[in-house]
Amino acid sequence: MVIRALKCFCIVLVASFAADVVTAKTVFPMPRLESSCAHTVVRRDVTTLGPTELQRFIRVVREMHRRGWMDGFGSMHDHISHQIHGNEHFFAWHRRFLRHFEVLMQQIDPDVVLPYWNWGTFWNNPLADPVLSSAYFGGNGRPGDNCVIEGAEERWGRNYPSRNCLTRKYRYGSTTGAFWPMRAVRDVMNTAKTHAQFRSRIENGAHGIVHLGLGGDFETMWAPVDVLFFMHHAMIDKVWAEWQSRDPTRLHAVDGYDAARQPITAQTLMPFYGEEVGTALSTNGPGYCYVYDDVPSPPAFRPRRSARLAFNAMLNDTQPFAPLPPLPPSPPSLPRHAGNNGFIRPRGTAFYDKEPGSEADSVEEYEPPRPMDVSWLKSRNMDVEEAQRMQRLVDDVVAQMNAERKQKTEPVAADNQQN
């Protein structure tokens, strides 16, 4: 009786969501996940994709945008935001959300795999990151209206939550500020013993600073209207997968609480999807079927089948949608410079005036990310005290990195004086 009532509730929820989720003339698809993995794909750093691979990915996400699906993802995330942030649904739910996105991508082009954006590579100077250049996905919005006018999302419009252009508004006007170095992320990996500890420290640290740094739509709960959201969260998912790989028990169990302060276990149902959290604990479990390029692959296993998963498949089957139209012709190749590995240099970035290892670069200290705004943290249901603890952690890590750099440069300076 309880399950029957739950089914009715979910059907009403999905029906009301579908009516509200997309204002574009399209049906937002809810494909079911497969019960096994025919093959496992590898998610890679987007900057390692070859020109053809990158163009295919861009071509697919442009088609998803044309169909209104990006609006749908933004609306879904916004509608249940407080159920999936600030609690232990964060990792598993977003892993399911990314897989939903990836499955829709592969309905358009079966060979496209969601890449991740490794913001740790250029953490101290994101303006130098090729991902934020016109050769990839564009950077800061245009002065005045904050519209993204370059890169793969050039002049994208959006219909959710209102009709507007896709926007980014860097936190400090012309710059995002620093992100987290991977050394600080791995410090969290080394010290967090429970799922709840790790989730809280990552969500309120490395995860949040990127959203706040890019600003505009990216710092809102409808951020999935921007394809960078999915690559950013693929990086967060990769970080979680690496932490899981250090202890096999982490592939089977979770702890902590949901938004209503009810305990979460592997059998807890994920908001909206109605699938058990346990079904999302392994990246190469049934329905997920992927690994990351530099993370040890988890052992393939078949998690407990859930009545909720079966119901979700039944529910999806009751919502057919029109056959997908043919993919439009590939867009022209994005412009690239011959130098700097083919990436277009952002204008006015003094970083490029220095070669790696030069004297100017060797003495310049790294700056840690600045504290996240308390009001912004509260609006996203995040933990202010945890964010402050994470700020102290990243400050200490960056100070240690600077001290080590100074130790390396002092003998060189002494030798130069003697000569």
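Numbers for the structure displayed
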{"quantity": "Peptides ranked, highest mean first, by Cβ atoms within 10 Å: ranges 235-246, 98-109", "calculated": "235-246, 98-109"}
{"quantity": "Span per principal axis, largest first, for the Cα atoms of region 144-263 (Å)", "calculated": "49, 32, 23"}
{"quantity": "Spin-label model distance (nm) - Arg370 vs Ala253, 7 Å beyond Cα toward Cβ", "calculated": "4.3 nm"}
{"quantity": "Environment charge of Val103, counting only residues whose C-beta is closer than 13 Å and scoring Lys/Arg +1, Asp/Glu -1", "calculated": "+1"}
{"quantity": "Region 68-215, Cα convex hull volume normalised per residue, Å³", "calculated": "129 Å³"}
{"quantity": "Relative packing of peptides 170-178, 87-95, 52-60 - highest average C-beta neighbours within 10 Å first", "calculated": "87-95, 52-60, 170-178"}
{"quantity": "For a label point 7 Å along the Cα-to-beta-carbon line of Asp294, residues of region 180-218 with backbone N under 15 Å", "calculated": "181-187"}
{"quantity": "Tensor-based shape of region 49-89 (alpha-carbon gyration tensor, a/c under 1.5 rounded, otherwise prolate or oblate)", "calculated": "oblate"}
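Taken together, the values in this text are just the output of simple stated rules run on the coordinates, not laboratory data. Values in this document were obtained by computation on a predicted structure and should not be read as measured data. Ideal geometry is used to build each Cβ from the backbone, glycine not excepted, and the neighbour counts take in all protein chains shown.
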